[in-house]
1. Need one number: nm distance between label points at Tyr530 and Thr501, each 7 Å from Cα along Cα→Cβ, rounded to one decimal.
2. Determine, for Met234, Met309, the number of other Cβ atoms within 10 Å of each Cβ, and report the residues in order from fewest to most.
3. In nm, to one decimal, how far is the Lys738 label point from the Val229 one, both placed 7 Å along Cα→Cβ?
4. Identify the residues of region 381-420 with backbone N under 12 Å of a label point that sits 7 angstrom from the Cα of Lys460 along the Cα-to-Cβ direction, or state none.
5. Net charge near Ile740, counting Lys/Arg +1 and Asp/Glu -1 over other residues with Cβ under 15 Å of its Cβ?
6. Between beta-carbons, use under 13 Å as the cut-off and find the net charge around Lys694, counting Lys and Arg +1, Asp and Glu -1.
7. Place a label point 7 angstrom from the Cα of Glu386 along the Cα-to-Cβ direction, then list the residues of region 309-327 whose backbone nitrogen is under 20 Å away.
8. Add +1 for every Lys or Arg and -1 for every Asp or Glu among the other residues with Cβ under 10 Å from the Cβ of Ala235, and state the total.
Amino acid sequence: MHIPAKERNSEEAEWTTKLSLVVAVLLLWVWSEATANANDDELKRSNIDECSMLKSKIVVNIGAAVELNSRVGKEQKIAMEVAIEDMNRQSCYELALNYSYNFHRNPSSPTMFAADLANSKQVQVVVGTKLDAATLFLSIDENSKDVPIISLTSTATPEIASIPLPHFIQMGHEVTLHMHCTASIIHQFHWRKVTAIYEHNNLFASHSEILTRLSYSLRLVNAEIDHHVAFPSMALLSNPTEIIEQELTRLKSKSNRVFLLIQSSLEFATLLFQKAKQMGMMEKGSVWIIADDVANHLDSLDSSVTFNMQGVMGCKTNFMEVSERFKRFKFMFRRKFALEYPEEERLHPSVFALRAYDAVWTIAKALESSQGNFSLSENILHSDHEGLSGKIRFKGRMLMESPTFKIVNVVGKGYKELAYWSMESGLSESLVEHEVVNTTTGAGSARRLLSSVDWPGGLKTVPKGWVYNSSEGKPLKIGVPAVDPCPQFVNVSHDKRLNETQFTGFSINVFESVVQRLPYHLPFVFVPFYGSYDQIVEQVNNKYLDAAVGDIQVVEHRYAFAEFSHPYVESGIAMVVKVKPDRSKETWMFMDAFTKEMWMLMAAMHLFIAFVIWFIEGENNSELKSLGAILWFSVTTLFFIHREPVNSNLARVVLAPWLFAILIVTQSFTASLSSMMTVSHLEPAVPDIQTLLKTNAIIGCNKNTFLVHYLVDELKFQPQNIRVFDSIHDFPRAFENKEIVASFTIAPHADVFLATYCKGYIKAGPTLKLGGLGFAFPKGSSLAIDISRATLKAIESGEVQKLEQKMLSTTNCGSTNNKIQNEQLGPQPFFGLFGICGSIAVIGLLATIVHFVKRKAQTFMNYLLLSQLQRGLQIIKLFAQKHPYKYRKTAPAQDANSRENVSQNNELATPSIELPINCHT
């Protein structure tokens, strides 16, 4: 039969691929064996002389108290067998594993396995998991308590040295470290309440001990346990699926959505997440965090299990996976585990297997180092070497080195690593940074490291950790003070026509505005409360009310048991008193209307404008030629009574804006002076609190508030000197009847009082800052965080300020600022006006100068030319007088008559020059 070439080539390629895989596996096996032999050569050579003197190896039986029906027990069994094979090739001792023969008697108690092995006298040391030292002490015979027992898991007892079992060794860490790692994750996302789930086993002495340790760790990060569920061991449950479903149904009805699985077997965790997935508790909004004992199995979970755990976070013990020793162990473990347990899908060893391997290795090293000087347990405690699971060194019969945890996130068929955590260094991005203590201690940096979490349900944003459960149809009960001292803030009234209670006021409006800004619907109903503010907060703390709104003053030291939202109004305690007139400062008050700079600028501008007017009008206006006239003109312009005519249009252009500026400045001066004269009448009758205390004055305050306690305990007023009133509107009558000298109320109430009663009252002394007005919630309430964020949004948007202005607009004055600030007017508000006037004056001055120069330019030039000509002629005349011979004629000598004629002729010959020296300017 002819086979097509294409099919023949395909078959050849397939056989080539299979052959390549077989060759690769053989080469890997040969390489691992060669590496193991090379690593063991040195140890073999060191022991060859000692072993050669022995006819046969010494047999040491190691008892294995593990649960062979669990994944942990299977891994530990294979790991110990691999370790014994490695040690038997190079040690003078023949190690052998012995399992408990009473396994089927009580498969849920490895502690009993260890006790049976120790009492059997057939083993020299026992290695087990989940061993309880207290139970072992009661179960082991007195003559068998010298057998070393090594526990491979963490413990809830930090001081095992106090247990009278001197040969019990804990090859694990204190479980509080796992709780701190989990609490660190809680802290980074600001969750305040969690639900704790755990499966009880013999590792813990009581149900409450694990909750105590978790509660302590959460308290350090300002969180707490809201609910907890303790399940019995899986082996003791007849129908675990039904019980888990019942408990999850109960938890689903709660509002909290942060679930911590802090202690569990792998079998229990598998069933728990399967039911949670079916019941919709692995959807958006839920948070699941697993502890070390479950997270360490993530490498060995089947895909069907990880399918139900999508989005789960956890703390997983970190160990080095890049060493040659680990790679060889992993190869040997996978090969042996696959042959013995073919039903398991994943073959990767967990840290539990590594600890079992390290335990056997530590026992072998202790046997080799023992020369009769120490017992086996003493040699184990003196161990100091690097194991597969970490550094093997003991202190107080526990591992000395604190572990490093990986923060992992289950995604797909595996998980991704988010960060590293240790007790010493906190969170860090990589293991290298962690080792050099380059940590991210800030919350913002830590959240950046954990920002790539894939949450349950595929949610990409951080879940808020709780939901409002409206399945029962019950809205939140919001308590409102029915009798409030300031109706503008809270007013509770009954509408007879509608037969319903109405809640109005500024605080009610703010709360409704804040609720509208929540990212979810929050149904609520207002409930009137007849009692004091302290009592309504106590009702909230006792959860008879879900929250309390109103003008509740946030005082942390008084309400330490309550949770408050962000204050929507800054507040404190203000003292209001009557005013008295004080005119002692009015003599030179008019000078205080303007600042010194303003006075100087006014004088300079006024003189400059007057100079410009004089320069323009001086030539053609005879009434403004003298200095006195122009000074009087500048004075009269201030009062608009100047009678000197201004003839030039340019002068009018300069003067007009200045008159407008003078009008504005004088009006401003009048207003400022009037305000100052008013303020001079608003001096407080009592300046401060010390005066009230010294004079033993009677004061008033509102009842049902914290003010009475504050006035007595903090300000040291005598109780008999304090009068209480229902409302702030009762204060005016008390002032008029001289029942009180001053009243104390919270600052927002004082503002409303002063805005209502505009005249006769004023704030005195400083406002005592104590916090603000906020909404009260039970301590640790997650709703308080969301309300605080929504309150900040309402404040930033200006909505709270608008509501406050609307409230004050209904009062008599419409403003709380009845105490006008005594501020002088400076030049800043008038810079623009003076700039315009100055610019126009400068332009007018320049125009006048240009016109003057142009008109006088020709006369000025003629004057210059005539002056130069006259000077030239004078120079010529002087030159002629100094040299007359140049202008005379020579003749021969004659008689006397002839000389006379010659003389006459010479005189006639002398030129006569006349210069026109008169010039007209």
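FYI, it's all coordinate maths here, none of it is from the lab. In this text the structure is predicted, and so the values were computed from the model without any measurement. Quick reminder, even Gly has a Cβ in these numbers, built from the backbone with ideal geometry, and neighbours come from all protein chains shown.
1. Label-label distance for Tyr530 and Thr501, simple model: 1.0 nm.
2. Ascending number of Cβ neighbours within 10 Å: Met234, Met309.
3. If labels sit at Lys738 and Val229, their model points lie 7.3 nm apart.
4. Backbone N within reach: none found.
5. Value of the local net charge: +1.
6. 0
7. Taking a point 7 Å out along Cα→Cβ of Glu386, the residues of region 309-327 whose backbone N falls under 20 Å are 317-327.
8. Result for the neighbourhood of Ala235: -2.
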